[in-house]
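Undergrad: Structure below; questions to follow.
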Amino acid sequence: MLQAHRRFLAAALAPLLSSLVVIGAYLAYGHLASGARSIAEVPASATQALAGGTTLGVVVLSLPLVLPLHRAGIRLRPTFTFPAGAARRVRSLAGAGLLALLAQQVEEAIREAGAAEVPAHQVGLAILAPLRDLDEVAYLRFASVYHSFESLTDFEAEITALRASARCATDPRDSPSTAVPDALVPAG
């Protein structure tokens, strides 16, 4: 659309400008966070520089696309409905993002546990609890590997446990206390 209206220079330069802004944010973060040995020691100013800089990078990437469209008389009309079939794709992309976040959280929990080395099997077990809250079907698939399900009875027992925990979630008095998963506690 922009090329048809001969307004493509800004759009072509936007990724470069955005990258420069984000690089600047990373450099500012590195300078402000120098000397921090853990996440807890990173000053708030460093976190704000990183958050603000990366957000500004997105703005720098977007404005060269939106402003020429606006000048050309093209109006964007955002909607909260999806075309047929698109909602499922959006859910799967959102799920992928959540799984990436889940992996980062498990990694951080393992680091905080203080273990020098953690077997891969323990990492898999540590993922089970957060994954159960995120996606029950993905949890069942993952659990079938890490708990070595051998029959339909194993799946049925796990589904029964999932249903029981769902009932507990509706009544907080019945839910178990949250604690660090055993897979994250260093063997001593």
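Undergrad: Once fully extended, how much extra length lies between Leu128 and Thr55, figured as 0.36 nm per residue of separation less the alpha-carbon to alpha-carbon distance?
TA: Difference between extended and current length: 23.1 nm.
Undergrad: Where nothing but the Cβ of Lys and Arg (+1) and of Asp and Glu (-1) is charged, how large is the charge dipole of segment 1-119 around its Cα centre, in debye to the nearest 20?
TA: Result for segment 1-119 is approximately 980 debye, rounded to the nearest 20.
Undergrad: Per q in 0.14, 0.20, 0.24, 0.32 1/Å, what log10 I(q)/I(0) does a Debye calculation on the alpha-carbon atoms of segment 30-71 return?
TA: With one equal scatterer per Cα and no solvent, log10 I(q)/I(0) is -0.46, -0.64, -0.77, -1.00.
Undergrad: Also, I was wondering about something else. Alpha carbons only, please: Rg and Dmax for segment 75-121, in angstrom.
TA: Rg then Dmax for segment 75-121, in Å: 18.1, 56.
Undergrad: Here's another thing I want to ask about it. I need the trypsin sites (Lys or Arg not before Pro) found in segment 6-66, filtered to DSSP loop residues with at most 13 other beta carbons within 10 Å of theirs.
TA: Those satisfying the criteria are Arg6, Arg37.
Undergrad: According to a simple spin-label model (label point 7 Å from Cα along Cα-to-Cβ), what is the distance in nm between His70 and Ala87?
TA: 3.2 nm
Undergrad: If you don't mind, there's one more thing I want to ask. When the expected Rg is taken as 2.2 N^0.38 Å, what fraction or multiple of it is the alpha-carbon Rg of segment 98-177?
TA: 1.20
Undergrad: How many times 2.2 N^0.38 Å is the alpha carbon radius of gyration of segment 1-108?
TA: Relative to the rule-of-thumb radius for its length, segment 1-108 sits at 1.44.
Undergrad: Here is a further query. Along the charge dipole of segment 98-177, which of Cys168, Ala157, Val123 sits closest to the positive end, that is, farthest toward it, with unit charges on the beta carbon of Lys, Arg, Asp and Glu (+1, +1, -1, -1)?
TA: With unit charges placed on the Cβ atoms, the residue in question is Cys168.
Undergrad: Give, in nm to one decimal, the length gained when the segment between Ile159 and His121 is fully stretched (0.36 nm per residue of separation minus the Cα-Cα distance).
TA: Once the chain is fully extended between Ile159 and His121, it gains 11.5 nm.
Every read-out reported here was derived from the displayed coordinates using simple, explicitly stated rules and does not represent laboratory data. The structure displayed is predicted, hence computed values, not measured ones. Cβ sites come from the backbone with ideal geometry, for glycine too, and all protein chains shown count toward neighbours.
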